[in-house]
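First the structure, in the form of structure tokens, and then the observations on it.
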Number of protein chains: 2
Amino acid sequence: MSLKLYYDLMSQPSRAVYILLKKSNINFEPKYVDLRKGVHYTDEYSNNINRFKKVPVIDHNGFILTESVAIIRYLGRENLLPEALFPRADKVLNTRLDEFLEWQHLGLRAPLAMYFRVVMFSPDSEKIPSYQKRMETALDEFSTLWLGRGNQYILGDTVTVADLLAACEVEQPRMTGYDCTSNYPVIREWMDRVRTYFNPHYAEASAIVEKIAAKRVPMKKPTAKL
Amino acid sequence: MSLKLYYDLMSQPSRAVYILLKKSNINFEPKYVDLRKGVHYTDEYSNNINRFKKVPVIDHNGFILTESVAIIRYLGRENLLPEALFPRADKVLNTRLDEFLEWQHLGLRAPLAMYFRVVMFSPDSEKIPSYQKRMETALDEFSTLWLGRGNQYILGDTVTVADLLAACEVEQPRMTGYDCTSNYPVIREWMDRVRTYFNPHYAEASAIVEKIAAKRVPMKKPTAKL
């Protein structure tokens, strides 16, 4: 079997797939795509690997696949993931996993990623407070409607890929100086559990986040220059 | 079997699930949730049907499920959908369907729905041109990277749920006076094929779109008052 992963650990779904492969003991050839150098915009990448000019992407024996959630589903169907992490036999759990995986695109990923982008790339933008508000509404929903149901993890008392994907999204705004866990104790405790479960791979993949976060002062006013 | 569908045909994924159920000859009890009256915000709805206060939702023999794509996957696994519309046996096609279903959340739905909302609810907003730009970037990508590959439909020469879901999203901005198909001949021809395939159900479900679109003058300047 030949599996290549095109990724940049700056990208939250790249981290999720990278950690998942490591945790699942799947051998793969890492193919680093330097987003900060715009490698994903080159003709070579967009013509041959991903016409959408994004990461992550896998190449499994020549079959090239984009979209992190589709990649995870594919690895699950290929029986490469542990049943516990990607439950398929339990129909109800499998369906609840689907429900979360579809919810998180607009429910969590979009508002957090948009905040991250505007602060990183337009730190003086007047739009920052409105993006922060949308992010915090999403964190409220995630904290109360998914995590705040008395379970250890998103779908119950067992960790799944849902937790990994969500944790990598929640990690992302830290690079801007905003720690999503500060005001949400439920999220903080859950994050600690997820990090612990996926370590040492989680810490390894998140080293870039730590490095960039450490350079920044925690942001009190969202319009403050970083 | 008892299947209830909570929906409002103003909602694009509600239309997709509604049309899919009709086309697949699945009997269901329609439960209208009047979004314009805020029925989805009532305690009764949010406590008992959908804590996310959205449509569509299904209740299948007491099992309540949210998120249109998760609903479609569930119906597929329950063997309620025709194999042609929701291909599962062909592994490559099944994976490509996954890839599109995950892509469309942020690739198509978010930019079109955000444009729709800002024009409908804040028609004087200065943000409209930037939302229009994002929508048109998405339509460009959809037109060239998915449809513009020489096939009749998104995944090949056979219609699938991917087409239905996308068509319902592309339909939505028409209510604001913006016809997504005007400047994209590839999208227009594909839309005609999708509508024809899913008629009379498509036309029935889209009557509300037609009604609201007919009241509006085609929007030339995005900042023009509607």
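On the stretch given as segment A:144-159, residues that are more than 14 Å from chain B (Cβ to nearest Cβ) and part of a helix (DSSP H, G or I) total 0. Has segment B:184-206 got any residue that is hydrophobic (A, V, I, L, M, F, W, C), more than 28 Å from B:Lys22 (Cβ to Cβ) and surrounded by fewer than 22 Cβ atoms within 10 Å (Cβ to Cβ)? Among the residues of segment B:184-206, not one is hydrophobic (A, V, I, L, M, F, W, C), more than 28 Å from B:Lys22 (Cβ to Cβ) and surrounded by fewer than 22 Cβ atoms within 10 Å (Cβ to Cβ), which makes the answer no. Inside segment B:160-178, residues that are more than 15 Å from the chain's Cα centre (by Cα) and either among the hydrophobic types (A, V, I, L, M, F, W, C) or outside any helix (DSSP H, G or I) (or both) make up a count of 2. Within segment B:40-61, the residues that satisfy the criterion of being away from chain A (no Cβ under 13 Å) and free of Cβ contacts under 8 Å to residues at least 12 places away in the same chain are B:Thr42, B:Asp43, B:Glu44, B:Asn48. Residues in segment A:95-125 that are at the interface with chain B (Cβ under 10 Å from one of its Cβ atoms) and not hydrophobic (A, V, I, L, M, F, W, C): A:Thr95, A:Arg96, A:Asp98, A:Glu99, A:Glu102, A:Gln104, A:His105, A:Gly107, A:Arg109. Scanning segment A:62-75 for residues that are touching a residue at least 60 places away in the same chain (Cβ under 8 Å) and either touching a Lys or Arg at 6+ places or on another chain (Cβ under 9 Å) or within 8 Å of chain B (Cβ to nearest Cβ) (or both) returns A:Ser68, A:Val69.
Contact map, segment A:18-30: first residue closer than 14 Å to A:Val57 by Cα, second residue assigned to a loop (DSSP other than H, G, I, E, B), Cβ cut-off under 6 Å, separation 6 or more or different chains; pairs are A:Leu21/A:Phe28. Spot the failing condition for B:Met135; the list is (1) farther than 20 Å from A:Ala70 by Cα; (2) facing chain A (nearest Cβ under 10 Å); (3) of a type outside the set (D, E, K, R), and only one is missed. Of everything listed in (1) farther than 20 Å from A:Ala70 by Cα; (2) facing chain A (nearest Cβ under 10 Å); (3) of a type outside the set (D, E, K, R), B:Met135 misses just condition (2).
Only residues that are among the hydrophobic types (A, V, I, L, M, F, W, C), part of a helix (DSSP H, G or I) and surrounded by fewer than 15 Cβ atoms within 10 Å (Cβ to Cβ): list them for segment A:75-104, please. Reasoning before the result, please.
In the first step, residues of segment A:75-104 are kept if they are among the hydrophobic types (A, V, I, L, M, F, W, C); the result is A:75, A:80-81, A:84-86, A:89, A:92-93, A:97, A:100-101, A:103.
Subset that is part of a helix (DSSP H, G or I): A:75, A:92-93, A:97, A:100-101, A:103.
Within segment A:75-104, A:Val92 is the sole residue that qualifies.
Count of segment A:113-159 residues, restricted to those that are touching a helix residue (DSSP H, G or I) at 6+ places or on another chain (Cβ under 6 Å), among the hydroxyl-bearing types (Ser, Thr, Tyr) and modelled with pLDDT of 95 or more, is 4.
The values are calculated or read from the model by the stated rules, or taken from the named source; none is laboratory data. The structure displayed is predicted, hence computed values, not measured ones. All Cβ positions, even for glycine, are placed from backbone atoms using ideal geometry, and neighbour counts span all protein chains on display.
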